[in-house]
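Notes follow once the structure below has been shown.
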Amino acid sequence: MKIQIITLFPDMFPGVFNASMLWKAQDRKLVEISYIDLRQFGHGPRKQVDDTPYGGGDGMLLKVDPLVEAIELAKKNDPTAVVILPTPRGKTYKQSDSKRLAAAQNGLIFVCGRYEGYDERVTNWVDEQFSIGNYVLTGGELPTMVIADSVIRLIPGVLGGENSVEFESFQQDDNNIEFPQYTRPEEFRGLKVPDVLLSGHHAEIEKWRIQESSKMSEK
Ligand code: 6GU
């Protein structure tokens, strides 16, 4: 899967993508991540990519023309890729979205907005708009890392045991939370591992885990 990221800040990404599972996924050629520096599509001697909003208001908006030209280059590299715009105006991103994007196996093009926003006309070149929650971030880079991480780990071969995905949080549906887990020691500073997990009684353990999952989903 090709992942192309259009951003003014490509330096934000390698620390996240070049560690652990995400690094392994690239090392095994299961994903290929590349960056398109939006600045190179800026116009004029100052490579301007932003401008003041029509109608007035604070701050600067990313201009539509550099954004669209960058998307067109990314599309030329990967014509069937899905164009994703992370934005607080989008629908809330869910595990069902990551499953859908991973299963489709199309490449992904992320368009990272910055500053106070972007010219709304860019959405005509975008397939999906996602928010990652009800709070405001300074740009689309962090949401891009979040969404890309959640998709990449679902690509077959990225995680070790394929069934480690099956039982985890949100996998059955978007509200299901994984049960709590424990490892050695049996007691730490007076805190004991629940007896049932030490019982060796598989049916009881299964029952307990189901109970604990549904308790957590209610929170
Ligand atoms: Cl996708 N972008 C920004 N800038 N802020 C957000 C967001 C996205 N999702 C939640 N807050």
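Overview of values
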{"item": "Flag if R121 is over 12 Å from the mean Cα position of the chain (by Cα), part of a helix (DSSP H, G or I) and loosely packed, with under 13 Cβ neighbours inside 10 Å", "result": "yes"}
{"item": "Count of residues meeting criterion [exposed (fewer than 13 other Cβ atoms within 10 Å of the Cβ) and near the ligand (Cβ under 10 Å from one of its atoms)] in the stretch 130-160", "result": "5"}
{"item": "Options D127, D119; residue that is assigned by TED's automatic domain parsing to the domain that holds V83, away from the ligand (no atom under 14 Å from the Cβ), under 16 Å from K91 (Cα atoms) and touching a residue at least 24 places away in the same chain (Cβ under 8 Å)", "result": "D127"}
{"item": "Hits in the stretch 13-33 - residues which are part of a helix (DSSP H, G or I) and open to solvent by less than 70 Å² (accessible area, probe 1.4 Å)", "result": "P14, G15, V16, F17, M21, L22, A25, Q26"}
{"item": "Cβ-Cβ under 8 Å pairs, at least 6 apart or on other chains, the stretch 79-90 side within 14 Å of V122 (Cα to Cα) and of a type outside the set (D, E), far side part of a loop (DSSP other than H, G, I, E, B) and more than 8 Å from the ligand (Cβ to nearest atom)", "result": "V83/V126; V83/D127; I84/V126; I84/D127; L85/V126; P86/C112"}
{"item": "Residue within the stretch 181-194 that is open to solvent by less than 90 Å² (accessible area, probe 1.4 Å) and either within 16 Å of the ligand (Cβ to nearest atom) or in contact with a strand residue (DSSP E or B) (Cβ under 9 Å, 6 or more places away or on another chain) (or both) present", "result": "yes"}
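The values are calculated or read from the model by the stated rules, or taken from the named source; none is laboratory data. Here the structure is a predicted model, which means the values were calculated and not measured. No Cβ is skipped: glycine too gets one built from the backbone with ideal geometry, and neighbour counts run over all protein chains shown. With ligands, DNA and RNA removed, areas are computed over all heavy atoms of the protein, side chains included. Shrake-Rupley method; radii C 1.70, N 1.55, O 1.52, S 1.80 Å.
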